[in-house]
1. Using Cα springs under 10 Å in a Gaussian network model of the chain, which residue among Ser52, Ser163, Ser28 shows the largest mean-square fluctuation?
2. Of the trypsin sites (Lys or Arg not before Pro) in region 84-164, which ones lie in a loop per DSSP and count no more than 13 other C-beta atoms within 10 Å?
3. Leaving ligands, DNA and RNA out of it, report the carbon-plus-sulfur percent of the accessible area of the chain at a 1.4 Å probe.
4. Heavy-atom accessible area per residue, the chain, 1.4 Å probe: how many Å²?
5. Please identify which residues in region 55-79 have an amide N closer than 16 Å to a label point set 7 Å out from the Cα of Asn15, following the Cα→Cβ vector.
6. Within the chain, count lysine pairs with alpha carbon atoms under 14 angstrom apart where the residues are 8 or more positions apart or belong to different chains.
7. Just to be sure I understand: with springs between alpha-carbon atoms less than 10 Å apart, which residue in Asp69, Asp126, Asp159 has the highest mean-square fluctuation in the Gaussian network model of the chain?
8. Could you pull the accessible area for Tyr134 with a 1.4 Å probe, rounded to 10 Å²?
Amino acid sequence: MLKKEIRTKYLNLRNNTSEEDVYQASLSIANNLLSLPIWAHTYYHIFLHSPSKKELHTNLIITLLQGKDKEIVVPRMAKGNSLEHFLLTDNTLLKPNSWAIPEPVQGIEIAPLKLDVIFVPLLAFDKKGHRVGYGKGYYDLFLSQCRSEAIFVGLSMFDAEASIEDVGPHDIPLNYCVTPGRTYSF
């Protein structure tokens, strides 16, 4: 399937998922993350979810990271389809952007090269670790700015597609993708 077709399919699937099912999937994914070999690192980047878009509840993962005393970094959209990254602290003020995604207003900026583990949002992924996002390119650019040793972990409510046919040279594959029922390693 092509990205456009996959994007449409999974947006429809997600829109038809109950809020209770989204929460339960989020809880299962947070628990499944505990079995990954990613916990010896320091800087963890995670997106903040938009409740209105039925996205996974990443606050559960943030609580997990806080319990493990990890440095948590969250994104803010910037010009040119790029992201800025800020340390999440007790004093970080979050404000929804025009897409209802909470973002830090200001704070301590962290360079992508400092990040160890990046939790990657997606609509769908395939069995080779390629992902389909919303199609704006924010994460394609961001992941290209990270160290080659950084670990990319996709989070998905749904299992893998067999293949994404139109993967391009700018598409950076995941190292893992965690779903409610399975963890994929690439």
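1. Checking each option, the largest mean-square fluctuation is seen for Ser52.
2. On the way: sites: Lys114, Lys127, Lys128, Arg131, Lys136, Arg147; in loops: Lys127, Lys128, Lys136, Arg147.
For trypsin sites (Lys or Arg not before Pro) across region 84-164 that sit outside H, G, I, E and B with at most 13 neighbouring Cβ atoms in 10 Å, the list reads Lys136, Arg147.
3. Answer for the chain: carbon and sulfur cover 52 percent of the accessible area.
4. Heavy-atom accessible area per residue stands at 50 Å².
5. Answer for this model: 55.
6. 4
7. The residue that fluctuates most here is Asp69.
8. Here the accessible area works out near 100 Å².
The values are calculated or read from the model by the stated rules, or taken from the named source; none is laboratory data. Being a predicted model, the structure only gives us computed values, none of them experimental. Positions of Cβ are backbone-derived with ideal geometry, glycine not excepted, and every protein chain shown enters the neighbour counts. With ligands, DNA and RNA removed, areas are computed over all heavy atoms of the protein, side chains included. Shrake-Rupley method; radii C 1.70, N 1.55, O 1.52, S 1.80 Å.
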